[in-house]
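S.K.: This is the structure, below, for whatever I ask next.
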Amino acid sequence: MEPTAPRDAERVSAPPRASRVALWIFLASAVLCTLVYLAATVQGPWFSSARTLHWTPGELSVTEGTAQPRPDGLAVRASDSIHPVRIAVSTSLRASDYPVIAWETSGVPDDLEVAVLWQNEYEPGRVFNQRLDVEAGRVQPASLAQNSKWIGRINGIALAVRGNFLEPIVVRGASAKTMSPREVLGDRVGEWLKFEPWNGSSINTLIGGADTQDLPMSFTFAVVVALAALIYFALARWRPRWVGGWRPIVIGAMFLGAWVALDARWVWNLARQVDVTAQLYAGKSWHERHLAADDRAVFAFIEKVREKLPPPPARVFVVADEHYFRDRSAYHLYPYNVFFDPWRNTMPPASAVRPGDFLVVYQRRGVQYDAAQQRLRWDGGAPIAAELLLTDTGAAMFRIL
């Protein structure tokens with residue numbers, strides 16, 4: 001009689017579930033990418049008891065310049081373009097524990113000369129320095145591990161900035177970093193999870209965390225998925241017993257998992273934005289909401305302008321150096337017959353305006369008015385008769401005569 005049960009040798013084991021294969025290979029790829037990144041970026045000891053040191057704007061002192069505390073940090077101006085501004089920190093630390101000094105800055109022009117200064121215990125009478133790069137308005141961290149003068153105990157650290165900058169640079173603090181694996185990973189995750197409030201470009205794009213990131217989250221997940229796909233291809237070809245044959249659904253599952261992780265971060269950021277928006281606008285009238293919005297200064301000025309205008313229709317020309325101010329001023333002036341250039345910083349030709357028209361100027365250079373003769377001119381053109389109806393900080397309203 002022939003056996004009815006199949007032989008053990010003829011039994012074919014079912015391939016592992018695609019979701020399980022995708023999960024384990026994705027995790028293996030993430031671990032491998034993390035180790036490679038840490039090997040390339042860690043500058044301090046892998047196991048260190050030293051902790052990161054932070055200094056707030058209140059702990060910074062400024063010499064050879066002026067400083068003014070602001071909500072977003074310390075606004076620093078230079079007294080001239082020759083003498084460098086020094087933002088100093090009074091501290092004492094061991095150089096071997098802190099290979100990197102980072103300054104939290106914004107609004108730093110790329111053409112300024114920037115350096116980090118310090119003194120060590122072996123040559124206390126000398127001040128050593130190392131030039132720093134500036135990218136996207138931010139002073140790049142100072143990697144000092146290879147500097148022969150960054151040795152022993154460091155007494156005093158300063159940031160020196162020299163050059164001609166009209167607008168103040170903002171210093172939000174400084175840090176002495178151990179650059180251990182824990183700190184490096186903490187910094188990257190902190191950048192990814194940093195709250196990203198809405199701004200003028202949020203309707204089109206979101207950065208996905210801090211404005212400037214050493215390792216963007218979307219790029220990281222793309223690399224992890226790409227490496228995971230290569231690992232899966234190799235295993236499916238040479239070790240099919242482990243992962244089964246080639247199944248495109250495994251690649252799709254890894255891609256979907258990365259997508260969901262990025263979307264989860266976006267949803268979390270959106271939830272925080274909803275809370276901020278509710279605190280800012282909830283329970284307020286339409287007028288109070290406008291006065292709490294980002295364009296509140298423009299809205300307040302246009303409210304004064306509307307009080308000077310006759311009932312619609314009336315022709316109103318709006319000019320400003322920044323297109324945002326032109327757009328918002330025109331928006332708040334509707335339903336008046338508003339003329340403005342949404343793309344370029346232009347003034348209307350003198351031949352285009354006629355008596356009875358109104359000109360609203362908001363933070364626009366090149367506009368001159370002679371009050372004694374009631375003559376208005378702009379961009380070096382011929383003067384025209386006009387009456388000044390309203391003035392405000394950096395803004396004015398005229399009626400063409």
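The values are calculated or read from the model by the stated rules, or taken from the named source; none is laboratory data. Keep in mind the model is a prediction, meaning the values are calculated, not measured. All Cβ positions, glycine included, derive from the backbone under ideal geometry; neighbour counts span all protein chains shown.
S.K.: Would it be correct to say that Asp211 is modelled with pLDDT under 85, farther than 23 Å from Ser90 by Cβ and acidic (Asp, Glu)?
M.R.: Working: modelled with pLDDT under 85: yes; farther than 23 Å from Ser90 by Cβ: yes; acidic (Asp, Glu): yes.
It is true that Asp211 is modelled with pLDDT under 85, farther than 23 Å from Ser90 by Cβ and acidic (Asp, Glu).
S.K.: Answer yes or no as to whether Phe358 is modelled with pLDDT of 95 or more and either farther than 27 Å from Glu288 by Cα or surrounded by 16 or more Cβ atoms within 10 Å (Cβ to Cβ) (or both).
M.R.: Values: modelled with pLDDT of 95 or more: yes; either farther than 27 Å from Glu288 by Cα or surrounded by 16 or more Cβ atoms within 10 Å (Cβ to Cβ) (or both): yes.
Yes; evaluated as a whole, the condition is true for this residue.
S.K.: Taking the range 39-98 as the region of interest, how many residues are polar (S, T, N, Q), within 13 Å of Val170 (Cα to Cα) and either in a strand (DSSP E or B) or at pLDDT below 90 (or both)? Break it down stepwise before answering.
M.R.: We begin by selecting, within the range 39-98, every residue polar (S, T, N, Q); these are 41, 43, 48-49, 52, 56, 61, 63, 66, 68, 79, 81, 90-92, 96.
Adding the requirement that they be within 13 Å of Val170 (Cα to Cα) leaves 56, 66, 68.
With the extra rule that they be either in a strand (DSSP E or B) or at pLDDT below 90 (or both), the set shrinks to 66, 68.
Within the range 39-98, residues that are polar (S, T, N, Q), within 13 Å of Val170 (Cα to Cα) and either in a strand (DSSP E or B) or at pLDDT below 90 (or both) number 2.
S.K.: A further question follows. Among the listed residues Ala210, Ala264, Ala278, Ala258, which satisfies the condition of being under 21 Å from Gly186 (Cα atoms), surrounded by fewer than 12 Cβ atoms within 10 Å (Cβ to Cβ) and assigned by TED's automatic domain parsing to the domain that holds Leu35?
M.R.: Numbers: Ala210 fails: surrounded by fewer than 12 Cβ atoms within 10 Å (Cβ to Cβ); Ala278 fails: under 21 Å from Gly186 (Cα atoms); Ala258 fails: surrounded by fewer than 12 Cβ atoms within 10 Å (Cβ to Cβ).
On inspection, the qualifying residue turns out to be Ala264.
S.K.: Inside the range 142-189, can you point out the residues that are among the hydroxyl-bearing types (Ser, Thr, Tyr) and in contact (Cβ under 8 Å) with a residue 60 or more places away in the chain? Reasoning before the result, please.
M.R.: Narrowing the range 142-189 to residues among the hydroxyl-bearing types (Ser, Thr, Tyr): 143, 148, 175, 178, 180.
Of everything in the range 142-189, those that are among the hydroxyl-bearing types (Ser, Thr, Tyr) and in contact (Cβ under 8 Å) with a residue 60 or more places away in the chain turn out to be Ser143, Ser175, Thr178, Ser180.
S.K.: With Arg344, Arg326, Arg296 as the choices, which residue is among the basic types (Lys, Arg) and surrounded by 13 or more Cβ atoms within 10 Å (Cβ to Cβ)? Reasoning before the result, please.
M.R.: Values: Arg344 fails: surrounded by 13 or more Cβ atoms within 10 Å (Cβ to Cβ); Arg296 fails: surrounded by 13 or more Cβ atoms within 10 Å (Cβ to Cβ).
When all the criteria are applied, what remains is Arg326.
S.K.: Hey, does the range 21-38 have a residue that's surrounded by 15 or more Cβ atoms within 10 Å (Cβ to Cβ) and farther than 27 Å from Asp187 by Cα?
M.R.: For the range 21-38, residues surrounded by 15 or more Cβ atoms within 10 Å (Cβ to Cβ) and farther than 27 Å from Asp187 by Cα: present.
S.K.: Here is a follow-up. Go through the residues of the range 204-226 one by one and say whether even a single one is assigned to a helix (DSSP H, G or I) and farther than 30 Å from Gln140 by Cα.
M.R.: As a first pass, look at the range 204-226 and keep what is assigned to a helix (DSSP H, G or I): 217-226.
Add one more test, that the residue is farther than 30 Å from Gln140 by Cα, and what stays is none.
Among the residues of the range 204-226, not one is assigned to a helix (DSSP H, G or I) and farther than 30 Å from Gln140 by Cα, which makes the answer no.
S.K.: Only one residue in Ser61, Ser92, Ser81, Ser106 is under 23 Å from the mean Cα position of the chain (by Cα), surrounded by fewer than 20 Cβ atoms within 10 Å (Cβ to Cβ), in the same structural domain as Val139 (by TED's automatic domain parsing) and among the hydroxyl-bearing types (Ser, Thr, Tyr). Which one? Even if it seems obvious, please write down each step before you answer.
M.R.: On the way: Ser61 fails: under 23 Å from the mean Cα position of the chain (by Cα); Ser92 fails: under 23 Å from the mean Cα position of the chain (by Cα); Ser81 fails: under 23 Å from the mean Cα position of the chain (by Cα).
On inspection, the qualifying residue turns out to be Ser106.
S.K.: Determine which single condition Ala158 fails, assuming it passes every other condition in (1) hydrophobic (A, V, I, L, M, F, W, C); (2) assigned to a strand (DSSP E or B); (3) under 20 Å from Gly44 (Cα atoms).
M.R.: All conditions pass for Ala158, except number (3).
S.K.: How many residues does the range 215-241 hold that are exposed (fewer than 13 other Cβ atoms within 10 Å of the Cβ) and in contact with a helix residue (DSSP H, G or I) (Cβ under 7 Å, 6 or more places away or on another chain)?
M.R.: Within the range 215-241, residues that are exposed (fewer than 13 other Cβ atoms within 10 Å of the Cβ) and in contact with a helix residue (DSSP H, G or I) (Cβ under 7 Å, 6 or more places away or on another chain) number 0.
S.K.: If you check Val100 against the conditions, is it of a type in the set (Val, Ile, Thr) and buried (at least 17 other Cβ atoms within 10 Å of the Cβ)?
M.R.: Values: of a type in the set (Val, Ile, Thr): yes; buried (at least 17 other Cβ atoms within 10 Å of the Cβ): yes.
Yes: the conditions hold for Val100.
S.K.: Any residue that is at pLDDT below 90, in a strand (DSSP E or B) and in contact with an Asp or Glu (Cβ under 9 Å, 6 or more places away or on another chain) - is there at least one of those in the range 101-116?
M.R.: Yes, the range 101-116 has at least one match.
S.K.: List every residue pair whose Cβ atoms sit under 6 Å apart, with the two residues 6 or more apart in sequence or on different chains, where the first one lies in the range 121-141 and is loosely packed, with under 13 Cβ neighbours inside 10 Å and the second, anywhere, is part of a loop (DSSP other than H, G, I, E, B).
M.R.: Matching pairs, first to second residue: Tyr122/Gly152; Asp133/Gln140; Ala136/Thr212.
S.K.: Would you mind telling me which numbered condition in (1) part of a helix (DSSP H, G or I); (2) touching a helix residue (DSSP H, G or I) at 6+ places or on another chain (Cβ under 6 Å); (3) over 27 Å from Leu74 (Cα atoms) Ile151 fails?
M.R.: (1)
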